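Q: A single structure is presented below for examination.
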Amino acid sequence: MRDDRSSAGEGGQPSDVIDTHCHLLPGLDDGPRSLGESVMMARRLTRSGVVHTICTPHASPRYPLSQRRAASAMQHLQTALDELEIPLGLSLAAEVHPRTALRAPLDDLLTWSIGRRFVIVELVRSTTAAEVERVLARLAEVGTKPIFAHPERCHAVQSGSDVIEQVRMEGALIQVVAPSLTGAAASAVGRVAWELLAQGQVDMVASDGHTAESSRLNMDALADVVAARLGVATARRLFVECPRQVVDASGYSGAW
């Protein structure tokens with residue numbers, strides 16, 4: 001993304017990346033355990049050109065989500081970032097397990113949504129194509145669309161199913177995550193992630209960050225890799241333009 005047409009900070013690094021999937025809030029799931037670690041993660045993100053993060057604690061059978069607790073955690077983190085002059089805006093959503101998306105009350109799904117327009121639903125290895133379609137249909141009942149996270153990890157997608165193409169035609173968005181593109185994931189996962197990108201079947205790339213030490217927070221470097229392989233325009237669409245449209249749906253009114 002080092003291009004004269006891109007918004008860039010010093011050294012040409014992209015300065016307007018938006019991370020639409022990050023476990024940044026402390027003490028809620030398998031992300032950071034303390035506020036201090038969350039702050040460290042936020043510093044890493046801003047140094048890699050990220051200006052806004054959608055915080056996505058798990059909403060799953062393993063990690064039942066209290067929206068009140070999550071909102072309080074985000075408020076405390078945003079206050080700390082403001083006091084430390086770390087320029088990272090925050091929005092709140094959730095990473096919803098497919099079983100939860102199919103069984104939870106629709107009011108809960110709307111509570112975890114992004115502006116009542118999008119719900120981030122993770123696809124796990126065992127998620128079937130039929131379940132993907134059922135999630136899409138269930139969210140449509142309340143006028144909401146899914147953002148399917150890391151479909152490259154899903155066996156049904158790896159096996160060559162056209163389910164991703166089908167659900168995108170019906171309005172779903174697709175989100176690939178950083179470790180799938182950097183060699184940190186299994187080879188089949190990485191292969192499918194890059195194939196989806198090359199086919200134009202991906203709408204955004206997110207960090208899926210969990211810890212302050214993780215290389216997946218290096219979003220600027222990853223954007224450069226994507227730009228080198230698929231072009232600057234594609235990288236900006238995946239890291240900036242489509243993510244910004246999603247954040248706009250959240251009602252965020254802070255400075256970019």
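Q: Quick check, is A73 hydrophobic (A, V, I, L, M, F, W, C), touching a helix residue (DSSP H, G or I) at 6+ places or on another chain (Cβ under 6 Å) and part of a helix (DSSP H, G or I)? I'd like the intermediate steps shown before the answer.
A: Working: hydrophobic (A, V, I, L, M, F, W, C): yes; touching a helix residue (DSSP H, G or I) at 6+ places or on another chain (Cβ under 6 Å): no; part of a helix (DSSP H, G or I): yes.
For A73, the condition - hydrophobic (A, V, I, L, M, F, W, C), touching a helix residue (DSSP H, G or I) at 6+ places or on another chain (Cβ under 6 Å) and part of a helix (DSSP H, G or I) - is not met.
Q: OK, next. Only residues that are part of a loop (DSSP other than H, G, I, E, B) and surrounded by fewer than 24 Cβ atoms within 10 Å (Cβ to Cβ): list them for the stretch 50-70, please. Spell out how you get there, then give the answer.
A: Applying the first criterion (part of a loop (DSSP other than H, G, I, E, B)) to the stretch 50-70 yields 56-57, 60-66.
Matches in the stretch 50-70: S60, P61, R62, Y63, P64, L65, S66.
Q: What number of residues within the stretch 1-37 satisfy the criterion of being in contact with a helix residue (DSSP H, G or I) (Cβ under 7 Å, 6 or more places away or on another chain), modelled with pLDDT of 95 or more and more than 24 Å from V121 (Cβ to Cβ)?
A: 1
Q: Say whether the condition of being in contact with a Cys (Cβ under 7 Å, 6 or more places away or on another chain) and free of Cβ contacts under 8 Å to residues at least 60 places away in the same chain is met by at least one residue in the stretch 217-235. Spell out how you get there, then give the answer.
A: Keep residues of the stretch 217-235 that are in contact with a Cys (Cβ under 7 Å, 6 or more places away or on another chain), which gives none.
Checked the stretch 217-235: no residue is in contact with a Cys (Cβ under 7 Å, 6 or more places away or on another chain) and free of Cβ contacts under 8 Å to residues at least 60 places away in the same chain.
Q: Can you tell me which residues in the stretch 132-144 are of a type outside the set (D, E, K, R), more than 26 Å from G190 (Cα to Cα) and not in a loop (DSSP other than H, G, I, E, B)? Walk me through how you get there before you give the answer.
A: Applying the first criterion (of a type outside the set (D, E, K, R)) to the stretch 132-144 yields 132, 135-137, 139-140, 142-144.
Filter once more, keeping what is more than 26 Å from G190 (Cα to Cα): 137, 139-140, 142-144.
Within the stretch 132-144, A137, L139, A140 qualify.
Q: Just to be sure I understand, how many residues within the stretch 87-135 are touching a Gly at 6+ places or on another chain (Cβ under 6 Å) and more than 18 Å from P57 (Cβ to Cβ)?
A: 0
Q: How about the stretch 92-115: which of its residues are surrounded by fewer than 19 Cβ atoms within 10 Å (Cβ to Cβ), free of Cβ contacts under 8 Å to residues at least 40 places away in the same chain and in a loop (DSSP other than H, G, I, E, B)?
A: Scanning the stretch 92-115 gives a single hit, P105.
Q: Which one of these does A149 not meet: (1) closer than 18 Å to A94 by Cα; (2) over 17 Å from the mean Cα position of the chain (by Cα)?
A: Single failed check for A149: (2).
Q: Let me ask something additional. Could you check the stretch 116-128 and list, in sequence order, the residues that are assigned to a loop (DSSP other than H, G, I, E, B) and crowded, with 22+ Cβ neighbours inside 10 Å? Give the steps one after another, and end with the answer.
A: Taking the stretch 116-128 and keeping what is assigned to a loop (DSSP other than H, G, I, E, B), we get 116-117, 123-128.
Passing the criteria: L123, T127.
Q: Since L45 meets every condition but one in (1) in contact with a Leu (Cβ under 9 Å, 6 or more places away or on another chain); (2) without any contact (Cβ under 8 Å) to a residue 40 or more places away in the chain, which condition does it not meet?
A: The single condition L45 does not satisfy is (2).
Q: Can you list residue pairs whose Cβ atoms sit under 6 Å apart, with the first residue in the stretch 148-175 being touching a residue at least 40 places away in the same chain (Cβ under 8 Å) and the second being buried (at least 19 other Cβ atoms within 10 Å of the Cβ) and among the polar types (S, T, N, Q)? Count only pairs 6 or more apart in sequence or on different chains.
A: Between residues of the stretch 148-175 that are touching a residue at least 40 places away in the same chain (Cβ under 8 Å) and residues that are buried (at least 19 other Cβ atoms within 10 Å of the Cβ) and among the polar types (S, T, N, Q), the close pairs are A149/Q175; E152/S180.
Q: Tally the residues that are within 14 Å of E85 (Cα to Cα) and acidic (D, E), restricting the search to the stretch 23-50.
A: Matching residues across the stretch 23-50 total 0.
Matching residues to (1) modelled with pLDDT of 95 or more; (2) over 18 Å from the mean Cα position of the chain (by Cα):
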residue: S66; (1), (2): no, yes
residue: Q75; (1), (2): yes, yes
residue: T79; (1), (2): yes, yes
residue: L90; (1), (2): yes, no
residue: H97; (1), (2): yes, no
residue: S113; (1), (2): yes, no
residue: S126; (1), (2): yes, yes
residue: S161; (1), (2): no, yes
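Q: Could you tell me how many of the residues in the stretch 97-110 are over 16 Å from V142 (Cα atoms) and in contact with a helix residue (DSSP H, G or I) (Cβ under 7 Å, 6 or more places away or on another chain)?
A: Residues in the stretch 97-110 being over 16 Å from V142 (Cα atoms) and in contact with a helix residue (DSSP H, G or I) (Cβ under 7 Å, 6 or more places away or on another chain): 1 in total.
The values are calculated or read from the model by the stated rules, or taken from the named source; none is laboratory data. What you are looking at is a predicted structure, and each value in this text was computed from that prediction instead of being measured. Cβ: placed from backbone, ideal geometry, glycine included. Neighbour counts: every protein chain shown.
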